[in-house]
Amino acid sequence: MLVNSSAPCMPKLSTAKRTRKEKLGFLDEKPSFQPKIIQQIPDFRRLHKALQTEVLRKSQSRDVTKCQPFKLRTSALPERQRKMSPKKDQEPKLGHLSRSKSLGALTSLSTDTLPTYITDAVRQRSMAIRNSLELRDSKNQEHEEWLRKYQTRSQAMKKTVALHAKLLDPHSSLKEVHDDKLKLHTMADQQRMREYMTELQHMKARVSERPYLFEQVKQRNAKALAEQTYRDKLRKAGFMEQFVEEKGAATEETSYSSRSEDDANENDQRRENDIHRREGNLDDGEKIEDVEEESVKSKGEERP
C-alpha cells in the first residue's frame, strides 16, 4: 500500500504571488557590492595647503600672451575718384582750385597713421543733423505758443462760463453760502462772548458789593437788636405794635394820594399850556393867510 502510494502534489502559486516573486525577487538576494570604507580621518588642513601650492605653481608657469606687430596700410591706398555728372563736365572750369588743407596734411603724414580729413558724407550728415535740430526747435516753439494761447483761451472761457452760470443760477454758490454761514456763526459767537463777559462783570460786581458772612451776621444781629429795642420802647410807652403799623399804612396812603394829586395838577397845567400854544399857532397861520390874500389882490389890481 505504501509502495503504491505517491507523494502529495505541491500547491501551485497564484499568479499574483508568482509575478511578485519574479519582479521583486532581487530584494531577497544579498548585495554583491561591498563599499570600501576608509577608517582613517584625512588631514584637511594639509590637503588645502597642498592645493593652494599647486594653484600658485600653475599660475606662475603660465605663458603671457604676446601681441604680434602689424602694419596698417590704409594710407597707402589710392584716393577715391569721385563720379562727375555730364552736366558738370560741360561746365567751364573757373581757374585752378587750391587743394584742401586736409589733403595736404594727409600727404605729410606717415604711412602708419589713419586719414583725418572731413568727407562729404560727414559734412552732409552734420548738415542734416543741424536741420533736424532746427526743425525740432521750431516745432517745440510752435507747440509752446499754441499751448500758451490755448491756456489763455481756456481761462477766458472758464471765466465767461462761470459768470453766465452765476447769472442764470438763482442759487448762491457753496463758497458764498459757506462765507455767509461762517460770518453768522462768528457774529453769534461774538454776541455770546459779549453777553458772557457782561454777565461775568455783573456777577463780580454783585460778589464785590455783597458783604462777607460775618458782616451779614453782624447786620442781622444789629437789626434784631434794634427791633427788640423798638418793641420794648413801644411797650413802655403803652402802644401796640399793630396800632403803629396801621397808622404807618394810613400815612403812606395819604402821602401817596397827595403825590398823585400833585401829579394830576401838573398834567392839567401842561395840557392847558399845550392848548394855548396851539391856538397861538393857529392865529399866526390865519394872519399869514390874510397877508397872502391881500398881496394876491393887489397884484391882480395892478395888472391892466
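The values are calculated or read from the model by the stated rules, or taken from the named source; none is laboratory data. Keep in mind that this is a model prediction, so the values were computed, not measured. Counting neighbours? That spans all protein chains shown, and the Cβs are built from the backbone with ideal geometry, glycine included.
Go through (1) surrounded by 10 or more Cβ atoms within 10 Å (Cβ to Cβ); (2) within 60 Å of the chain's Cα centre (by Cα); (3) modelled with pLDDT under 90; (4) not acidic (Asp, Glu) and name the single condition Ser208 misses.
(1) is the only condition that Ser208 fails.
If Ser298 satisfies all but one of (1) at pLDDT 85 or above; (2) exposed (fewer than 10 other Cβ atoms within 10 Å of the Cβ); (3) hydroxyl-bearing (Ser, Thr, Tyr), what's the number of the condition it fails?
For Ser298, the failing item is (1).
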